[in-house]
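Note sheet for the following structure.
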Amino acid sequence: MPGQADHQAHFDEVIARHDRIEPRDWMPDAYRRTLVRQIAQHAHSEIIGMQPEGNWISRAPSLRRKAILLAKVQDEAGHGLYLYSAAETLGVSRDDLVAMLLSGKQKYSSIFNYPTLSYADVGTIGWLVDGAAICNQVPLCRTSYGPYGRAMIRICKEESFHQRQGYELLMTMMRGTPEQRDMVQESVNRFWWPSLMMFGPPDESSPNTERSMAWGIKRNSNDDLRQKFVDMTVPQAQALGVSLPDPSLTWNADRGQHDFGQPDWDELFAVIRGDGPCNTQRLAHRRRAHEDGAWVREAASAFAAQEEPGHG
Amino acid sequence: MGEWPLYEVFVRSKRGLNHVHVGSLHAADDEAALRNARDVYTRRNEGVSIWVVRSDAITASSPDEKDSLFDPSGDKVYRHPTFYTIPGSVPHL
Ligand SMILES: [Fe+2]
Ligand SMILES: [Fe+2]
């Protein structure tokens, strides 16, 4: 029987050659715990992330927009399911993960604690929020844990539609009336800073980043991804004809990147603590949906129990 | 003595990739199926991991219902990124 040291050596070797750890491999407890926390939080974010946009499904301005929005929200539910099943390969149960979301023991992305006040927000979320999510997720396709990486590959393929439908919606509104253009600008003003917060706190106050990068769970630091997102988004904003609400946003020719201001980090920590504009509402809604769905789960189990004897 | 049960064999060709169905074989039990699968399907380093599952434990869709099963996604072109027209001059989208 190989000892602990051999196990660790094999694990380190797989990580060092940027290869993947698979479910039946030995892995350090802390690696497993970190992954469970990160994948679960990611899954919860997809599930809670249906709410801000779901708010507008019944009030979509046309059948076309309604079908698109339904398809997008449905995709987010699917993303949650891919990720929960990836987390389960680490030995946690689905029921426990759901319970930890409902009890508030595990978190979800702070971005979904902001309200959606106009239909322009549907476009802005697709463009900026899904755009930031794509920046985060593309490198995660190469994460060191196999099932997580494969879930991310599926998700990234679907995200492109999310971002493009959002940008197209905003382009359409920008060709409309002055009021519609104002709605777009107002929406972008509200979502810009929370979108930058999606990459997490600055590297110097993100204590776990270094270890996660050493383990190959994360492939880029928070600040690197934030910079990349800003650089990608600025020309898109110009093409759209909106301004980004940051007076210090400028091109830095020496660096070949944009300089930009810092989000209000106290606000991020307050939202994470539970003091964002919609935290209470989001969790209450999720709990209610879970309780309201109990009869469906019971009915499915009762039906299966009835079918079982005949099928053996 | 009855025929040994049929097993379906799935092989992961390298770390990071999904297990893929490669074929099937008969074996007396699960453990024997795994050993046999190694000999039948991975004699040339085709894999780093094997799954075997009894064929009668698999529920499969039937070819007859192919149309009705997959129809619902047929008319939802808006699920594809190419449905949205965005000028080529807008980068990274
Ligand atoms: Fe998603
Ligand atoms: Fe999305």
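Some values worked out for this structure:
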quantity	calculated
Gain on full stretching of the segment that runs from A:L117 to A:D223 - 0.36 nm per residue minus C-alpha separation	35.3 nm
Difference of contour (0.36 nm per residue) and Cα-Cα distance, A:Q238 to A:Q257	5.2 nm
Average other protein chain Cβ within 10 Å of Cβ, residues B:77-87	6
Linear extension gain, A:K157 paired with A:S205, 0.36 nm per residue minus alpha-carbon span	14.1 nm
17 Å cut-off, amide nitrogen to a point 7 angstrom out along A:R94 Cα→Cβ, residues in segment A:155-183	none
Globularity index of segment A:96-244, i.e. its alpha-carbon radius of gyration over 2.2 N^0.38 Å	1.13
With 10 Å bins from 0: P(r) over segment B:6-83, alpha-carbon pairs, percent	17, 32, 23, 20, 7, 0
Reachable lysines, given that their alpha-carbon falls under 23 Å from the alpha-carbon of A:K218 and they are not under 8 places away in the same chain	A:K105, A:K107, A:K157, A:K228, B:K14
Paramagnetic reach from A:N189 in segment A:124-154 [backbone N under 12 Å; point 7 Å along Cα→Cβ]	none
Delta accessible area of at least 40 Å² on complex formation, residues of segment A:1-43, 1.4 Å probe, chain isolated as reference	A:E22
Cβ neighbours within 10 Å from other chains - mean over A:139-145	1
Cα long-axis angle, helix B:30-41 against chain B (0 to 90 degrees, to the nearest 10)	70
Calculated FRET efficiency for the pair B:L69/A:W295, C-beta based, R₀ 22 Å, to 0.05	0.25
For chain A: relative contact order, % (alpha-carbon pairs under 8 angstrom, 6 or more apart)	19
Virtual spin-label span in nm between B:T82 and A:D231, 7 Å along Cα→Cβ	3.0
Only Lys, Arg (+1) and Asp, Glu (-1) charged, at Cβ; segment B:6-83 dipole about Cα centre in debye	620
Cβ-derived FRET efficiency at R0 30 Å, A:D182 paired with A:T280, nearest 0.05	0.50
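The values are calculated or read from the model by the stated rules, or taken from the named source; none is laboratory data. These figures come from a predicted structure and were not determined experimentally. Methodologically, a virtual Cβ is constructed for each residue, glycine included, from the backbone with ideal geometry; neighbour enumeration extends over all protein chains shown. For the accessible areas, the whole protein counts, side chains as well, though only heavy atoms, and no ligand, DNA or RNA atoms are used. Shrake-Rupley method; radii C 1.70, N 1.55, O 1.52, S 1.80 Å.
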